[in-house]
Amino acid sequence: MVILGIDPGYAIVGYGVIRADRGRFQPLEHGAVVTKAGEDFNRRLEIIYDSLEKVIAHWKPEAVAIEKLYFQNNQKTAIGVAEARGVILLAAQKARVEVFEYTPLQVKMAVTGYGQAMKPQVMEMTRRLLCLKEVPKPDDTADALAMAICHGQAAGSVFRRRMLTRSDCFK
């Protein structure tokens, strides 16, 4: 399964594409879409959309894993991130790729096995799980890879496969 993990933002959008196969993960591409602070906000959203549209078209992921939006103290930042997240979701929708949302707690549990893990622990485990020489930079990129790993863990679980194949569970 090819998974695109995304750490949403409007200044930096981290992304990571991995292949997940029976609990093993192979990095395919990772990086960040960076927009300039002084640039018109609508133009920044366009850059994010266009960049992720290219990544999706190239790798044709079977799933997009993205951080579930949660309330932040700075409302202006939260609104901007929500708008950026909207164009990210639009890019996935236009490509007909299913989107899965995960909380930071779920990502920490999937990557480290501990929901209260600190950011450096998550980043180091991401590096190890992907057999990378260094932790990807910027941090947003490592976060996106961790998001993809989280989905790979969740999608590969026996429980999840049963839930996806047994329609009578939802009647």
| query | Would it be correct to say that PHE41 is at pLDDT below 95, hydrophobic (A, V, I, L, M, F, W, C) and over 15 Å from ALA144 (Cα atoms)? | reply | no
| query | Somewhere in segment 106-125, is a residue open to solvent by 40 Å² or more (accessible area, probe 1.4 Å), assigned to a helix (DSSP H, G or I), of a type in the set (Asp, Glu) and modelled with pLDDT under 95? | reply | no
| request: Go through segment 1-24 residue by residue and tally those that are among the hydrophobic types (A, V, I, L, M, F, W, C), under 20 Å from PRO138 (Cα atoms) and open to solvent by 20 Å² or more (accessible area, probe 1.4 Å). | output: 2
| query | If you scan segment 6-32, which residues turn out to be in contact (Cβ under 8 Å) with a residue 40 or more places away in the chain and outside any strand (DSSP E or B)? | reply | PRO8, GLY9, TYR10, ARG22, GLY23
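The values are calculated or read from the model by the stated rules, or taken from the named source; none is laboratory data. Everything numeric here is computed off the predicted structure, so don't read it as measured data. Quick reminder, even Gly has a Cβ in these numbers, built from the backbone with ideal geometry, and neighbours come from all protein chains shown. These accessible areas exclude ligands, DNA and RNA; they are computed on the full protein's heavy atoms, side chains included. Shrake-Rupley method; radii C 1.70, N 1.55, O 1.52, S 1.80 Å.
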